[in-house]
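Have a look at the structure below, then the notes.
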Amino acid sequence: MAKKPIGIFDSGVGGLTVFKEIRNRFPNENIVYFGDTARVPYGPKSLNTVIEYSIQNARFLMQQDAKIIVIACNTSSASALPTLQKLLPVPVLGVIEPGAKAALKASKSKRIGVIGTEGTIRSQAYRKAIKTLDRTSLVFSKACPLFVPLAEEGWEEHDVTQLTIAEYLAPLVQNNIDTLVLGCTHYPILKVPIKQFTGDKIKLVDSAHAVTDKLVEILPNKAKSGIGQNRFYVSDNENKFNKIASKILNIEITTLIKVKLGEGWFLN
Ligand code: DGL
């Protein structure tokens, strides 16, 4: 990888929904992706733990010579964005603010639903970001912790997933929302069954598109095609990651390396 890569991290496979969008829009860029599969899920973990993991992930990407870091994880973005921006010598992008902007753009009634992990919803990061941009908007939030393991299992067509979606989303939909933010990068993996439940009247917003638009502002891109290289790293279960990733990305993953955690740093 002669050219410095874009670094992307998530707790697992969820950030691949962001990777996919960035890869499409930046065909000639090299990309390094890190999925912290040994420690997924981040959603139920404490703020300090998520900050600590996020610092380690970002440092690992810096070791890979990343020229920019995209936090493809809402839970990390909600907890660790200011810390990483202070700590790192390269630009760091989170998914919350771009997602909030995209939600307001999509919504007519300004009644917006937000779903995410326990950590993201507890932080109220989306509510604050949306309200800062438009004080009159109404935000209805719901943590959907079971969506992450369902997505990690690749169970988007399973009955259990449909039941879980109905259980979480029924009370939210009753608030007459016209827009629903998929405030976790794992959730677009379940977009089809979520859409089946919410119907056509509710627009789904996922932060992958929004954060990629933001990236285009920082890293102007003129290339329509190219041969940028992909390198994937995980902290555990590379076979499982490979299986789900190949399905999400529709490509064969050739470079997938498992790395081991060290004290504050990753060691090969
Ligand atoms: N994909 C992540 C997010 O966007 C985290 C899911 C998790 O690890 O709980 O929040």
Exclusive hit being in contact (Cβ under 8 Å) with a residue 60 or more places away in the chain, closer than 18 Å to His186 by Cβ and surrounded by fewer than 24 Cβ atoms within 10 Å (Cβ to Cβ), set Glu29, Glu21: Glu21
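Do you know which residues across segment 228-244 are aliphatic (A, V, I, L, M) and within 19 Å of Leu61 (Cα to Cα)?
Initially, segment 228-244 is screened for residues aliphatic (A, V, I, L, M), giving 234, 244.
The one that is aliphatic (A, V, I, L, M) and within 19 Å of Leu61 (Cα to Cα): Val234.
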Residue within segment 190-205 that is at negative phi, touching a residue at least 24 places away in the same chain (Cβ under 8 Å), acidic (Asp, Glu) and not in a helix (DSSP H, G or I) present: no
Positions within segment 160-186 being part of a loop (DSSP other than H, G, I, E, B), in contact with a Gly (Cβ under 8 Å, 6 or more places away or on another chain) and away from the ligand (no atom under 16 Å from the Cβ), in sequence order: Asn175, Ile177
Within segment 1-14, considering residues that are more than 17 Å from Lys258 (Cβ to Cβ) and either within 12 Å of the ligand (Cβ to nearest atom) or in contact with a helix residue (DSSP H, G or I) (Cβ under 6 Å, 6 or more places away or on another chain) (or both), the one modelled with the lowest pLDDT: Gly14
Pair list, Cβ < 6 Å and 6+ apart or interchain, from segment 210-226 residues that are within 19 Å of Lys105 (Cβ to Cβ) to residues that are in a helix (DSSP H, G or I) and among the small types (Gly, Ala, Ser): Ala210/Gly99; Ala210/Ala102
Test: Arg127 is at negative phi and assigned to a helix (DSSP H, G or I): yes
Residues satisfying the stated conditions in segment 130-144, i.e. over 14 Å from Leu182 (Cα atoms), touching a helix residue (DSSP H, G or I) at 6+ places or on another chain (Cβ under 6 Å) and not in a helix (DSSP H, G or I): Asp134, Ser137
Residues that are under 18 Å from Gln229 (Cβ atoms) and either part of a helix (DSSP H, G or I) or within 16 Å of the ligand (Cβ to nearest atom) (or both), drawn from segment 26-61: Tyr33, Phe34, Gly35, Phe60, Leu61
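Looking at segment 73-87, which of its residues are of a type outside the set (A, V, I, L, M) and within 15 Å of the ligand (Cβ to nearest atom)? Give the derivation first.
First, pick out the residues of segment 73-87 that are of a type outside the set (A, V, I, L, M): 73-77, 79, 82-83, 85-86.
Cys73, Asn74, Thr75, Ser76, Ser77, Ser79 - these are the residues of segment 73-87 that are of a type outside the set (A, V, I, L, M) and within 15 Å of the ligand (Cβ to nearest atom).
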Of all residues in segment 117-155 being within 15 Å of the ligand (Cβ to nearest atom) and acidic (Asp, Glu), the one that is surrounded by the fewest Cβ atoms within 10 Å (Cβ to Cβ): Glu153
Residue within segment 81-88 that is within 30 Å of Glu156 (Cα to Cα) and touching a strand residue (DSSP E or B) at 6+ places or on another chain (Cβ under 9 Å) present: yes
Residue match in segment 232-254 (condition: surrounded by fewer than 16 Cβ atoms within 10 Å (Cβ to Cβ), touching an Asp or Glu at 6+ places or on another chain (Cβ under 8 Å) and either within 21 Å of Ala66 (Cα to Cα) or at pLDDT 95 or above (or both)): no
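The values are calculated or read from the model by the stated rules, or taken from the named source; none is laboratory data. Bear in mind that the values here come from a model prediction, so they are computed numbers and not experimental data. Please note: Cβ atoms are built from the backbone with ideal geometry, for glycine as well, and neighbour counts cover all protein chains shown.
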